[in-house]
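Presented below is the structure to which this report refers.
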Amino acid sequence: MTEEQVKTKIEELSTVLNQYNYEYHVLDKPSVPDAEYDQKLHELIKLEQEYPHLRSEDSPTQRVGGEPLEGFQKVEHRTPMLSLGNAFNEQDLRDFDRRVREGVGGEVHYVCELKIDGLAVSLLYENGRFIRGATRGDGTIGEDITNNLKTIRSIPLRLKQDATLEVRGEAFMPKASFNKLNETREEEGVEQFANPRNAAAGSLRQLDPKIAARRNLDIFVYGAGQYEGKSVESHSDSLHYMSELGFRTNPEWKRCDTIEEVIEYVEGWVERRPDLNYEIDGIVIKVDSLDHQDELGTTVKSPRWAVAYKFPAEEVVT
Ligand SMILES: NC(=O)c1cnc(N)c2cc(Br)sc12
């Protein structure tokens, strides 16, 4: 093959492998047997070994790349990662709703989402390629954990469109992975993690990506800090758009026309919480219209257009 033909073959294999990865890890619906994925990945690894100058940073072969780091670089988020004000009961939710309707001078619609109990991260893409991932840190300055985030299979290395945007999400460890990890740690006489959030945070703060790669982490993407060239009117539109780009968004979100519907959604999930295979610590309620969000703005640390309803801490069954 000429070098041009090799380049084309590498592009074709990368595109197919990214699609297989998306079907398996984002849609949970693989269209080919694992052996087909492994065969194509092996073919790509061989080609990149033979033509190392044709291997790209975001190749599917680079999921678990990089040597252990000495430490994490600091990175500044393009837009601050805000924290959320809390609501603890129905009256708090009704107070939030009243403040919001007074603020916009009329009726509003909400979007309710499960509040994933993990580690908030920010993912930066340029022209559809995953460039950098960082922890929330203090909301303005986080730590560069790109190599560890690349090991999370549901994080696309290439988007389905050449979009330039920064998205936010919650990296987490599924309950089953957490239980299995702690069993192994107990057998090895190593201190166990207290909960899946600590396990996820501890895994993403490993300096060696090979350790993070073994921890079976996952992510739900829930917000876009900045996207260029796409007109999005509402938070629900942005969830659809992020899903179109190839991100894993949480399927349980719901658009609610009134605070009554929000309260009903919250009460429903208090019951259904144990059925999930990941931990949540509440429900996030956001005003859906982005114009309304802009009108309401933010306080120093949190948006006026969103609130986190916090579940009471689960009794620890010993
Ligand atoms: N869906 C969401 O907006 C969401 C889900 N899970 C979380 N832990 C958080 C945290 C912030 Br801040 S927003 C958010």
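Restrict the check to the stretch 102-123 and report whether at least one residue is touching a Leu at 6+ places or on another chain (Cβ under 8 Å), away from the ligand (no atom under 16 Å from the Cβ) and closer than 18 Å to ASN21 by Cα. Checked the stretch 102-123: no residue is touching a Leu at 6+ places or on another chain (Cβ under 8 Å), away from the ligand (no atom under 16 Å from the Cβ) and closer than 18 Å to ASN21 by Cα.
Filtering ILE211, ILE219 for residues that are within 19 Å of THR135 (Cβ to Cβ) and touching a strand residue (DSSP E or B) at 6+ places or on another chain (Cβ under 6 Å) leaves a single hit, ILE219. For the stretch 158-176, indicate whether the set of residues that are without any contact (Cβ under 8 Å) to a residue 12 or more places away in the chain, farther than 21 Å from LEU124 by Cα and either surrounded by 15 or more Cβ atoms within 10 Å (Cβ to Cβ) or not aliphatic (A, V, I, L, M) (or both) is non-empty. Checked the stretch 158-176: no residue is without any contact (Cβ under 8 Å) to a residue 12 or more places away in the chain, farther than 21 Å from LEU124 by Cα and either surrounded by 15 or more Cβ atoms within 10 Å (Cβ to Cβ) or not aliphatic (A, V, I, L, M) (or both).
Quick grid of which residues meet (1) acidic (Asp, Glu); (2) closer than 18 Å to GLY118 by Cβ; (3) within 12 Å of the ligand (Cβ to nearest atom); (4) not in a loop (DSSP other than H, G, I, E, B):
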site: ILE263; (1), (2), (3), (4): no, no, no, yes
site: GLU267; (1), (2), (3), (4): yes, no, no, yes
site: GLU271; (1), (2), (3), (4): yes, no, no, yes
site: ASN277; (1), (2), (3), (4): no, yes, no, no
site: ASP281; (1), (2), (3), (4): yes, yes, yes, yes
site: ILE285; (1), (2), (3), (4): no, no, yes, yes
site: HIS292; (1), (2), (3), (4): no, no, no, yes
site: LYS301; (1), (2), (3), (4): no, no, yes, no
site: PRO312; (1), (2), (3), (4): no, no, no, no
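Scanning the stretch 195-214 for residues that are aliphatic (A, V, I, L, M) and within 13 Å of ASP117 (Cα to Cα) returns ALA199, ALA200, ALA201. Tell me which residues, restricted to the stretch 268-311, are surrounded by 14 or more Cβ atoms within 10 Å (Cβ to Cβ) and among the charged types (D, E, K, R). Selection gives ARG273, GLU279, ASP281, LYS286, ASP288, GLU295, ARG304, LYS310. A residue that is within 16 Å of the ligand (Cβ to nearest atom), of a type outside the set (S, T, N, Q) and within 24 Å of ASN127 (Cα to Cα) occurs somewhere in the stretch 80-94.
Scanning the stretch 20-46 for residues that are in a helix (DSSP H, G or I) and among the aliphatic types (A, V, I, L, M) turns up ALA35, LEU41, LEU44, ILE45. Within the stretch 171-197, the set of residues being farther than 22 Å from ASN147 by Cα and part of a helix (DSSP H, G or I) comprises LYS175, ALA176, ASN179, LYS180, ASN182, GLU183, THR184, ARG185, GLU186, GLU187.
Counting only residues that are modelled with pLDDT under 95 and polar (S, T, N, Q), the stretch 128-146 holds 1 of them.
Each row is one residue, and each column tells you yes or no for (1) buried (at least 16 other Cβ atoms within 10 Å of the Cβ); (2) among the aliphatic types (A, V, I, L, M); (3) in a loop (DSSP other than H, G, I, E, B); (4) modelled with pLDDT under 95.
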residue	(1), (2), (3), (4)
GLU48	yes, no, no, no
HIS53	no, no, no, no
PRO68	no, no, yes, yes
ARG78	no, no, yes, yes
ARG94	no, no, no, no
GLY103	yes, no, no, no
GLU113	yes, no, no, no
SER122	yes, no, no, no
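In the condition set (1) closer than 30 Å to GLU267 by Cα; (2) surrounded by 15 or more Cβ atoms within 10 Å (Cβ to Cβ); (3) modelled with pLDDT of 95 or more, ASN86 is compliant with all but (2).
For the stretch 161-170, the candidate set comprises residues that are closer than 21 Å to ILE145 by Cα and among the hydrophobic types (A, V, I, L, M, F, W, C); within that set, the residue that is nearest to the ligand (Cβ to nearest atom) is VAL167.
The values are calculated or read from the model by the stated rules, or taken from the named source; none is laboratory data. The shown structure was predicted, so the numbers you read here are calculated from the model rather than taken from an experiment. Don't worry about glycine lacking a Cβ; one is built from the backbone with ideal geometry, like all the others, and counts go over all protein chains shown.
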